[in-house]
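These notes are about the structure you will find just below.
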């Protein structure tokens, strides 16, 4: 077995477990805490489901293939499940970035633009489009079907997070101007300044993690479009593994950014500990 295949297996095992546990906790928090539900959380729930399935289905099958247990079934099963669920995750993350941009840019008009019903319809549409994309890829075995969609998602996410950062940065500068004018920063302005700065930093970090996980795979797609005969190179599977890792990182980042969601997850963990301790 090639060294890169061994590295792939070693990396996928713990991150598969993390994806299942992390996203399972998120879904449990959504189900048991009605107070945190909102149009935005419909997208987070959709992302958690797709990331959970990546850890529960795609990564174990990927590991079995690398160990030469699923050589015959791999093209039909793993490529479909990988393209399907990864496309759902990527398109949902793009939608989340667009949703956050609209929330800041439209501000007062946002509640009327994004309702829970519309968010649910959008989430379902993303799953349907991803399913069709996976079917087209498995049928054609042509990476050209994946390139336009993935390029669009990366460019749209870049646009949205750049816009979010600029809006938050402008808010921060406005607060600083108010501080200089008053020469006395009260507690309210202090909180606004800290919150604005934290949001900008977290937004930048989330975007960086997405780029780190998806850009290598995107570059490999471009390379393999030109050289389809090299599709079975181990480095291609390493690029897929980086995409899978994103499914493990997402729950951590969202719990870090969203205080209400973090509290709900803590409550779920507390219930689990009490249940296990009471047995």
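Nothing in this text is a laboratory measurement; each read-out follows from the coordinates by a stated rule. Values in this document were obtained by computation on a predicted structure and should not be read as measured data. Glycine gets a Cβ as well: all are built from the backbone with ideal geometry, and neighbour counts include every protein chain shown.
Results, tabulated for the structure shown:
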{"quantity": "Spin-label model distance (nm) - residue 10 vs residue 209, 7 Å beyond Cα toward Cβ", "calculated": "2.4"}
{"quantity": "Overall Cα dimensions of the stretch 1-114 - principal axes, largest extent first, Å", "calculated": "58, 26, 23"}
{"quantity": "Full-stretch length increase - residue 105, residue 274 - with 0.36 nm per residue and alpha-carbon distance subtracted", "calculated": "56.5 nm"}
{"quantity": "Cβ crowding within 10 Å averaged over residues, with 244-257, 93-106 ranked highest first", "calculated": "244-257, 93-106"}
{"quantity": "FRET efficiency, 1/(1 + (r/R0)^6) with R0 25 Å, evaluated for residue 252 and residue 116 via beta carbons", "calculated": "0.45"}
{"quantity": "Gain on full stretching of the segment that runs from residue 128 to residue 3 - 0.36 nm per residue minus C-alpha separation", "calculated": "41.3 nm"}
